[in-house]
Amino acid sequence: MDYKAVEEIVRRAGRMIKEAYLSSDSVQHKEGDANFVTSYDVAIQKFLIDELHGIVPEAAFFGEEETEGNTREKELDGLCFLIDPIDGTTNFMFRYNYSCVSVGLAYARKMIAGFVYNPYVDEMFTAVRGEGAYLNGNRIHMPDSTLEDGIASFGCARYNDPNTDLLFRVVQEMFNRSLAVRCGGSAALDLCRVAAGASVVYLEMKLNPYDYAAASIIIEEAGGVITQIDGSKITLDQPCSILGAAPKAAGEVRDMIECIYSSTDDEEKLRR
Ligand code: IPD
Ligand code: CA
Ligand code: CA
Ligand code: CA
């Protein structure tokens with residue numbers, strides 16, 4: 001596999017984000033509250049599928065947007081690219097300058113490589129299974145921090161029907177125990193920041209595989225852990241909750257969640 005060629009395609013896709021000129025008629029609503037797609041999300045996914053198909057013709061594609069060539073989760077058994085053309089679409093719409101291209105590669109339902117590119121600051125996160133994680137070609141390895149050592153981050157979206165009752169209780173507790181809390185608006189980038197040691201944990205109650213596929217292998221190869229909030233394995237064929245963290249911080253957040261469940265009279269509501 002020519003991973004350098006994949007990386008170059010991801011970088012070119014990122015430049016399309018940075019050079020975009022967005023008018024109001026290029027934005028449309030998607031299903032759910034405050035959920036949008038722009039003509040750039042679709043065009044960049046189309047570009048990625050066409051270019052990646054050119055170098056890996058045997059691979060299937062599980063992308064976020066409705067475009068030609070998107071086989072979605074149906075063909076995860078062989079080689080499959082999991083693609084988020086713009087992670088952080090709302091940020092992109094408002095020129096918040098914190099969005100990325102995320103491309104993961106799975107084989108037989110296991111992640112084997114990941115590429116996440118932030119064009120605004122020219123940061124390329126990469127990982128290949130067994131070969132470590134890199135930021136712009138430099139190896140990254142996260143320290144095994146606890147919450148009190150650093151920044152705790154989280155994400156949520158109204159359209160994902162998030163369990164905000166539980167989420168905001170956990171965020172309150174993370175706020176009390178960490179040095180600061182942050183919510184960036186791009187799950188893939190926020191997870192890569194954990195990999196790079198910039199924050200100690202990232203938590204979100206519901207994400208889709210294309211949001212976290214690439215970042216999941218980058219976190220693991222950087223020495224971190226990524227699981228669902230109860231510690232079970234993440235899924236590549238359907239949405240799940242995500243806890244990506246340094247191993248110690250992950251344990252603390254899981255304990256915190258158990259403690260919140262056991263101290264409430266309505267545990268069912270929190271587990272919803
Ligand atoms: C969203 C971003 C956001 C997260 C949402 C995702 P999108 O992806 O990652 O940070 O909180 O849950 O849906 O739609 O901008 O690709
Ligand atoms: Ca996304
Ligand atoms: Ca997206
Ligand atoms: Ca989206």
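No value in this document is a laboratory result; all are computed from the given coordinates. Please read these numbers as outputs of a predicted model, since none were measured by experiment. Virtual Cβ from ideal backbone geometry, glycine too; neighbours counted across all protein chains shown.
The table that follows gives values for the structure above.
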read-out	value
Unique residue being buried (at least 16 other Cβ atoms within 10 Å of the Cβ) and without any contact (Cβ under 8 Å) to a residue 24 or more places away in the chain when the list is 113, 13, 60, 20	60
Helices (runs of 4 or more DSSP H) fully within region 133-248 counting 1 or more residues that are of a type in the set (S, T, N, Q)	164-177, 209-221
First in region 72-96 and over 18 Å from residue 211 (Cα atoms) and without any contact (Cβ under 8 Å) to a residue 40 or more places away in the chain, second anywhere and assigned to a loop (DSSP other than H, G, I, E, B) and within 16 Å of ligand 4 (Cβ to nearest atom), Cβ under 7 Å, 6 or more apart	none
Residue in region 78-110 that is farthest from ligand 1 (Cβ to nearest atom), counting only those that are in contact with a helix residue (DSSP H, G or I) (Cβ under 6 Å, 6 or more places away or on another chain) and either on the phi > 0 side of the Ramachandran plot or of a type in the set (Phe, Trp, Tyr) (or both)	81
Region 28-45, residues that are away from ligand 2 (no atom under 13 Å from the Cβ) and part of a helix (DSSP H, G or I)	39, 40, 42, 43
Hits in region 99-119 - residues which are within 16 Å of ligand 3 (Cβ to nearest atom) and either farther than 22 Å from residue 226 by Cα or part of a strand (DSSP E or B) (or both)	100, 101, 102, 103, 104, 114, 115, 116, 117, 118, 119
